[in-house]
Amino acid sequence: MNERFAHLHAHFKQYVDFEAAEFERFCAHLHVVRLDAKTIWRSEGEISKLFAFVNKGLMRCYLLQGTEERTERFYAAPDWVGDYASFLNQTPSVLNFQALEEVELFTIPFATMEALYDEIPVGKEFSRVISQERLMEAQARINAFLTQSPTERYQKLVADQPDIIHRVPQYYIAQYLGIKAESLSRIRKRLADS
């Protein structure tokens with residue numbers, strides 16, 4: 001196995017059991033993309049054609065509401081990033097994807113990935129599991145905004161992704177939580193004092 005794809009191989013093994021030949025066949029279709037910090041990888045208005053594995057670094061996904069950005073998700077290695085809804089519907093994406101650190105991606109066209117399902121049946125199972133995870137994450141995020149206070153959402157972020165707090169500017173974390181940066185500062189101070 002190519003050592004470059006070791007993190008990807010370990011990630012797959014958490015979900016499905018790829019045979020070595022199947023994994024090599026999949027990797028033959030990957031392209032390595034390196035992004036500097038603050039680089040936009042994909043922008044709203046484009047029809048999404050690529051899916052990517054974040055091998056190194058950290059990215060964020062955000063929406064624009066007028067001139068305001070709204071951070072929707074952080075993608076820390078190892079994770080998958082892409083706008084699957086845009087690809088499935090062949091509609092322009094409303095999402096923007098930005099590197100927050102130097103990032104290394106392994107990209108693959110969605111269409112190629114789907115074609116590989118015939119050659120690598122376990123890939124379809126992997127896709128199903130990842131799709132279910134994404135659906136549950138989206139539902140949990142909606143539920144959090146409906147049932148939790150900003151403090152509770154912050155505490156959950158710290159519990160689920162503690163490294164994000166130190167790697168991401170506070171104003172992006174505030175956007176993600178749906179609050180102003182000043183409110184986040186007050187929450188952090190109150191929690192530190194308690």
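Observations on the model:
- Span from the region 30-51 Cα centroid across to the region 71-121 one, whole angstrom: 8
- From phi via Karplus (6.51, -1.76, 1.60), per-residue ³J(HN,Hα) for region 182-193 in Hz, x at Gly/Pro: 5, 5, 5, 4, 5, 4, 4, 5, 4, 5, 5, 7
- Sorted from greatest to least, the principal axis extents spanned by the alpha carbons of region 148-194 come out as 22, 20, 19 Å.
- Sorting 129, 33 by the number of Cβ atoms found within 10 Å of their own Cβ, with the fewest placed first, yields 129, 33.
- Here the sum of -39500 (n - 2.57) over DSSP H runs of 4 or more residues, divided by the residues of the chain, equals -14500 deg cm²/dmol at 222 nm, to the nearest 500.
- The 3J(HN,Hα) values that the Karplus relation (6.51, -1.76, 1.60; θ = phi - 60°) gives for region 92-104 are, in residue order, x, 6, 9, 9, 10, 10, 10, 6, 9, 9, 4, 10, 10 Hz. Gly and Pro appear as x.
- Among 7, 29, a tally of other beta-carbon atoms within 10 Å of each Cβ gives an order, fewest to most, of 29, 7.
- Each Cα pair under 8 Å and six or more residues apart adds its separation to the average, and for the chain the resulting relative contact order is 23 percent.
- Residues whose placed amide H lies under 5 Å from that of residue 76, excluding near-sequence neighbours: 59
- Cβ-based net charge around residue 115, under 12 Å, with every Lys or Arg adding one and every Asp or Glu removing one: -1
- Using θ = phi - 60° and Karplus 6.51 cos²θ - 1.76 cosθ + 1.60, couplings along region 12-17 (whole Hz; Gly, Pro as x): 4, 4, 5, 10, 9, 10
- Evaluated on the chain, the Kirkwood hydrodynamic radius is 18.0 Å, with distances taken between all distinct Cα atoms.
- Fluctuation leader among 56, 38, 13 - the chain, Gaussian network, Cα springs under 10 angstrom: 13
- The C-alpha radius of gyration of region 87-131, expressed as a fraction of 2.2 N^0.38 Å, stands at 1.44.
- Tail beyond 15 Å, pair distance distribution of region 1-54 (Cα, percent): 58
- Its alpha carbons considered, region 89-190 gives a radius of gyration followed by a Dmax of 17.7, 55 Å.
- With eigenvalues of the C-alpha gyration tensor scaled by 5 and rooted, region 1-101, Å: 27, 15, 11
Quick note: the coordinates plus some simple rules give every number you see, no bench work behind them. Keep in mind that this is a model prediction, so the values were computed, not measured. Ideal geometry is used to build each Cβ from the backbone, glycine not excepted, and the neighbour counts take in all protein chains shown.
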